[in-house]
1. For the chain, find the longest principal axis of its Cα atoms and tell me its angle to the long axis of helix 620-634, 0 to 90°, nearest 10.
2. Quick check: from the Cα gyration tensor, does region 3-256 come out rounded (a/c under 1.5), prolate or oblate?
3. Hey, what number do you get for the chain at 222 nm if only DSSP H runs of n ≥ 4 count, each worth -39500 (n - 2.57), divided across all residues, to the nearest 500?
4. Please give the FRET efficiency for residue 15 paired with residue 270, using the beta carbon to beta carbon distance and R0 = 30 Å, rounded to the nearest 0.05.
5. Quick one: pull the percentage of alpha-carbon pairs in region 442-501 with a separation above 15 Å.
6. Enter the angle in degrees (range 0 to 90, nearest 10) between the Cα long axis of helix 270-282 and the first principal axis of the Cα atoms of the chain, meaning the one along which they spread out most.
7. Give the peptides 62-71, 382-391, 160-169 in descending order of average Cβ contacts within 10 Å, highest first.
8. Along its principal axes, what span do the Cα atoms of the chain show, with the longest given first and each in whole Å?
């Protein structure tokens with residue numbers, strides 16, 4: 001059982017409770033998401049976010065269900081909202097006695113004198129459906145509970161204003177909103193329906209984005225509750241007239257599924273259990289098969305993130321079958337020897353130099369850990385296609401040079417994982433031969449050569465020769481006079497970044513002897529933080545220790561000092577190869593599981609202490625690499 005709990009010292013502190021976010025996913029790319037306090041601090045917060053084109057095309061549907069208690073003559077509102085002028089009203093968090101995230105499901109407990117109300121939320125896996133169960137835990141007598149529905153239907157990345165009255169259709173147990181989703185509950189009363197204008201989202205304001213929107217108060221559900229009694233509200237969007245189970249059944253089904261996932265992952269401790277559930281949030285089903293959401297709340301599927309995360313998300317949670325299907329599907333999408341980077345912008349974009357090489361690594365790890373030699377045979381042609389296209393040259397100047405190493409670059413593009421651009425200009429273009437790309441290339445060539453050898457395929461010799469050439473050139477070209485490795489060769493760039501760790505961390509990488517790995521680890525010493533690896537040394541005059549501000553400020557800092565938790569995985573591996581102790585290196589990330597995205601790991605943090613979390617609160621490769629690193633250290 002995985003449990004994260006907070007008492008009134010956190011729940012009653014609006015800033016502390018509102019900086020901790022929970023996430024429940026539906027397995028399609030949709031989700032429910034919010035804060036411990038109940039305050040919606042992001043435009044992405046709400047109880048039903050629907051992925052219309054799984055895993056993307058997200059639309060916010062049911063924004064909130066506000067509970068209101070009537071105890072005798074007193075009315076107590078338990079919701080918490082912030083308005084455009086900064087006013088907090090109502091301030092129901094002051095009544096919030098506790099919050100817990102148990103098996104991934106959030107539960108709130110409010111106390112108003114001797115009256116205690118609980119609410120628990122779950123989603124239905126495989127359908128865009130959410131349910132909330134309310135239970136009157138304790139009271140001296142009957143209590144009336146009103147549940148006020150705040151609705152919208154708009155793109156996840158935007159806002160909606162009070163432009164006309166939305167279309168609502170009454171049903172016998174609730175309503176249908178704009179023919180898109182249905183909400184069901186007890187004794188629905190639509191009287192007083194109107195716009196709530198000027199709802200403020202403080203996190204959007206901090207990111208320099210539009211921070212207010214309007215929500216439609218659709219009406220209220222009402223229940224008279226005796227102590228121990230429950231009532232519930234459900235909302236769903238796949239077919240507005242398709243019956244959905246009552247919320248208590250959703251909660252029970254979600255708990256059974258969580259238990260099965262944890263058991264399948266064979267955890268050693270509660271952190272393993274927490275990470276297994278966190279990993280599940282990113283694995284989604286689409287009409288064409290399983291894929292990975294790179295991060296919540298705003299990313300879809302990105303091949304680089306998917307393949308970097310593959311071992312942690314699928315292999316260390318024993319989800320071999322889904323992973324195998326994903327790898328076969330990825331191979332079917334190859335174009336000119338490249339995986340598409342993302343379709344988040346609406347069309348496929350083949351603009352990554354490393355995503356395809358991470359695919360080679362993922363295939364190798366799958367075969368090695370699952371013993372699935374048949375997969376190598378099925379992917380044989382795809383693996384050779386990747387190598388041949390890179391040798392001949394493919395998009396954006398990506399090609400194998402005469403020394404056997406991969407070079408790349410095109411004006412206006414940043415093709416490595418350090419891909420931030422401001423006004424179309426790359427912050428870290430890294431044109432030439434990036435160190436991690438070529439570490440991945442050597443590792444990929446050796447992986448394919450090994451797989452072909454096991455298949456007794458005659459092509460193995462040619463691939464092996466290419467691997468030997470690349471590995472020899474790597475040793476000659478990347479050694480830095482300052483220690484460790486260059487970040488980029490041809491033209492040379494000796495910036496101290498964590499990319500060089502992959503040369504030592506990859507199982508078939510080019511620097512897998514103890515002395516070379518130790519030199520890399522020593523060089524990366526200034527990058528180590530409590531929550532991962534800085535993207536640039538603090539000793540560099542370009543170092544930016546704060547990942548804050550508007551979009552341009554954040555993008556400029558994104559890879560110029562910002563900490564990336566996912567790189568802790570390569571660091572741990574490199575230390576192991578070098579024989580250097582990693583005692584306590586993951587402790588900060590274990591503690592972080594309770595700090596921001598609850599039960600998960602953030603995309604990034606500030607480069608300076610106290611390393612405040614930034615970016616997505618829930619990030620796939622951050623979770624995957626922490627899980628993988630923990631397993632590699634402790635089994």
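Bear in mind these aren't lab numbers, they're just calculated from the coordinates by the rules spelled out. Computed from a predicted structure; not experimentally measured. Using ideal geometry, Cβ is built from the backbone for each residue, glycine included, and neighbour counts are taken over all protein chains shown.
1. Compared with the principal axis, the helix lies near 70 degrees.
2. The shape class here is rounded.
3. Values: 18 runs with 194 residues, N = 635.
Calculated mean residue ellipticity at 222 nm is -9000 deg cm²/dmol.
4. For R0 = 30 Å, the calculated efficiency reads 0.65.
5. Tail of P(r) above 15 Å: 56 percent of Cα pairs.
6. So the helix axis and the longest Cα principal axis differ by about 90 degrees.
7. Values: 62-71: 21.3, 382-391: 19.4, 160-169: 12.8.
So the order, starting with the most tightly packed, is 62-71, 382-391, 160-169.
8. Sorted largest first, the three principal extents are 82, 48, 47 Å.
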